[in-house]
Amino acid sequence: MNIILLSGGSGKRLWPLSNETRSKQFLKVLKDTKGQPESMIQRVYRQIRETSPESNILVATGKSQIDSIKSQVGNKVDVVLEPERRDTFPAIILSCSYLAYEKGLNEDEAVIVMPVDPYADTGYFESLKKMEELINKGTANIVLMGIKPTYPSAKYGYIIPNQDGSVERFQEKPSEEYAQKLIQEGAMWNGGVFAFKLNYILNIAKKYADFSSFEEIKAKYSDLPKISFDYEVVEKEKSIGMVEYTGTWKDLGTWNTLTEVMESSTLGYVILADTCHDTNVINELSIPITVLGINNAVIAASPDGILVTDKHESSYLKPYVEKIHQRPMYEEREWGEYKVLDYVAYGDGTSSLTKSLYIKAGKSISYQSHAIRDEIWTIVDGTGDLLIDGHVRNVRRGDVAYIVKGQKHAIRAITDLRLIEVQIGLELVETDIQRYDWKW
């Protein structure tokens, strides 16, 4: 199968664990088959490989997520970066052009598009095969996955099928009362899964932009309408089929839904009293959280902040988080991760920012320089090679490096490496960076 995974999201509904660069699909709050921490994207990738080992997987995403994808899935999947955020229709056009022009996929082959983060059982991924079969048979131009509703929800769109399995019409996010009526009539949730032949989408794309290569469509990306695939393609198509999926399916987009599938009520350094009922506590900090006598709640702590909420109220979190204006305090990178420990502004206008960095063995930070800040690196664990202005030296626990403005520098971990970075300057921003080529 040829599968496109759509990876977006701003990370506001699962704050403070998620932020602008760490969307919900990267949170390692689930467990794999061996009981080890697993994120939503890792779970979906594993399930695809278990059901269809030979599948070609492509992830469509933005620049802010590329490091998290590479860190969690490695180089096992292809990645297409959107030049800008323009909704699902342009993202799918860009991905399909990549498959056609960069990967050389036959335009008569079937392609399946799905979200990167559904929580579902094996039957969901077996249903993808059925969708592919219907497309290959020419049953319809587009085949959708209809998910059997478990309750009348106003959060999802609905597919209303005909008796022959084709699609009669759609209903976007109805009231709960109308949703109940639709369910009684056999309507299914629209899970945002589409199957079609590659040439079908390329022909639609050429209505908006003239192109004959991936680079051309990428350059003309802003010319494509900023609209969802559902509105721009699906609702205009007359030839639509549907495959029903009746198993487990959850959209883990809010704390109350996410905690429903967590195997443990606590994660991290937590002391939870027996007087607490139906309360989940997730702690990414190194200090303890102790909870007594709190029921039906979610408590979450990370370098980005602390959340205390009733489970039902947690679904209304987004507008409150939008009032918070600060840089991400935790980021996952391809080489490892960092956490912001401290930020101080001094009377003379100078500021200091302190980070804890973890670099995985064999990985390295890019060769770079800064124009408006100095840095002090203190190695606290592991060994590595430190590069400053073309000179390499071995470093280990206790070693300190002073890096002044304009100096080129990088570090490679020989073993897992941890260091404390202190930035000092009049303005401390992530954009103050110039990268250079270097081969270790």
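The values are calculated or read from the model by the stated rules, or taken from the named source; none is laboratory data. Quick caveat, the model's predicted, so the values are computed rather than measured. Heads up, the Cβs are rebuilt from the backbone with ideal geometry, glycines too, and the neighbour counts pull from every protein chain shown.
Among the residues of the stretch 292-336, those that are assigned to a loop (DSSP other than H, G, I, E, B) and among the β-branched types (Val, Ile, Thr) comprise Ile294, Ile324.
Determine whether the stretch 362-369 contains at least one residue that is over 23 Å from Trp440 (Cα atoms), among the aliphatic types (A, V, I, L, M) and modelled with pLDDT of 95 or more. Quick ask: steps written out before the conclusion?
So in the stretch 362-369, the residues over 23 Å from Trp440 (Cα atoms) come out as none.
No - not one qualifying residue is present in the stretch 362-369.
Per-residue answers, yes or no, for (1) more than 30 Å from Ser212 (Cβ to Cβ); (2) touching a helix residue (DSSP H, G or I) at 6+ places or on another chain (Cβ under 9 Å); (3) surrounded by fewer than 20 Cβ atoms within 10 Å (Cβ to Cβ); (4) in the same structural domain as Lys360 (by TED's automatic domain parsing):
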residue: Lys70; (1), (2), (3), (4): no, no, yes, no
residue: Glu102; (1), (2), (3), (4): no, yes, yes, no
residue: Asp108; (1), (2), (3), (4): no, yes, yes, no
residue: Pro118; (1), (2), (3), (4): yes, yes, no, no
residue: Asp121; (1), (2), (3), (4): yes, yes, yes, no
residue: Phe125; (1), (2), (3), (4): yes, yes, no, no
residue: Glu132; (1), (2), (3), (4): no, no, no, no
residue: Gly138; (1), (2), (3), (4): no, no, yes, no
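Look at the stretch 161-178: where a residue is touching a residue at least 24 places away in the same chain (Cβ under 8 Å) and more than 20 Å from Tyr231 (Cα to Cα) and a partner is among the aliphatic types (A, V, I, L, M) and surrounded by fewer than 14 Cβ atoms within 10 Å (Cβ to Cβ), sitting 6+ places away or on another chain with Cβ atoms under 8 Å, you get Glu176/Ala154.
One line per residue, one yes/no per condition, for (1) under 16 Å from the mean Cα position of the chain (by Cα); (2) at pLDDT 95 or above; (3) buried (at least 23 other Cβ atoms within 10 Å of the Cβ):
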{"site": "Glu54", "(1), (2), (3)": "no, no, no"}
{"site": "Gly74", "(1), (2), (3)": "yes, no, no"}
{"site": "Ile93", "(1), (2), (3)": "no, yes, yes"}
{"site": "Tyr98", "(1), (2), (3)": "no, yes, no"}
{"site": "Val143", "(1), (2), (3)": "no, yes, yes"}
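For the stretch 354-389, filtering for residues that are outside any strand (DSSP E or B) and within 17 Å of Arg435 (Cβ to Cβ) leaves 5. Residue pairs whose Cβ atoms lie under 7 Å apart, sitting 6 or more positions apart in sequence or on different chains, and linking a residue in the stretch 354-376 that is farther than 18 Å from Glu331 by Cβ to a partner that is among the aliphatic types (A, V, I, L, M) and part of a strand (DSSP E or B), are Ala361/Ala413; Gly362/Ala413; Tyr367/Leu387; Tyr367/Ala410; Asp374/Ile403; Asp374/Ile424; Ile376/Val400; Ile376/Val422.
Taking the criterion of being assigned to a loop (DSSP other than H, G, I, E, B) and modelled with pLDDT of 90 or more, the only residue of the stretch 2-12 that qualifies is Ser7. Checked against the criterion of being within 26 Å of Ile135 (Cβ to Cβ), in the same structural domain as Arg86 (by TED's automatic domain parsing) and among the basic types (Lys, Arg), the candidates Lys197, Lys181 yield just one match: Lys197. Residues of the stretch 145-167 that are surrounded by 14 or more Cβ atoms within 10 Å (Cβ to Cβ) and more than 27 Å from the chain's Cα centre (by Cα): Pro152, Ile160, Pro161, Gly165, Ser166, Val167. A single entry from Pro83, Pro90, Pro53 fulfils the requirement of being farther than 20 Å from Phe196 by Cα and in contact (Cβ under 8 Å) with a residue 12 or more places away in the chain: Pro83.
Within the stretch 182-193, the residues that satisfy the criterion of being at pLDDT below 95 and part of a strand (DSSP E or B) are Met188, Trp189, Asn190, Gly191, Gly192.
Selection of strands (runs of 3 or more DSSP E) fully inside the stretch 204-291 by the criterion of at least 1 residues being more than 30 Å from Lys129 (Cα to Cα) returns 270-272, 280-283, 289-291.
Checked against (1) farther than 26 Å from Ser7 by Cβ; (2) surrounded by fewer than 18 Cβ atoms within 10 Å (Cβ to Cβ), Ile183 passes all but a single condition, namely (2). Within the stretch 337-353, residues that are not assigned by TED's automatic domain parsing to the domain that holds Leu285 and part of a loop (DSSP other than H, G, I, E, B) have Cβ atoms under 8 Å from residues that are modelled with pLDDT of 95 or more and hydroxyl-bearing (Ser, Thr, Tyr) in these pairs: Tyr346/Ser352, counting only partners at least 6 apart in sequence or on another chain. The set of residues in the stretch 231-250 being within 21 Å of the chain's Cα centre (by Cα) and crowded, with 18+ Cβ neighbours inside 10 Å consists of Trp249 alone.
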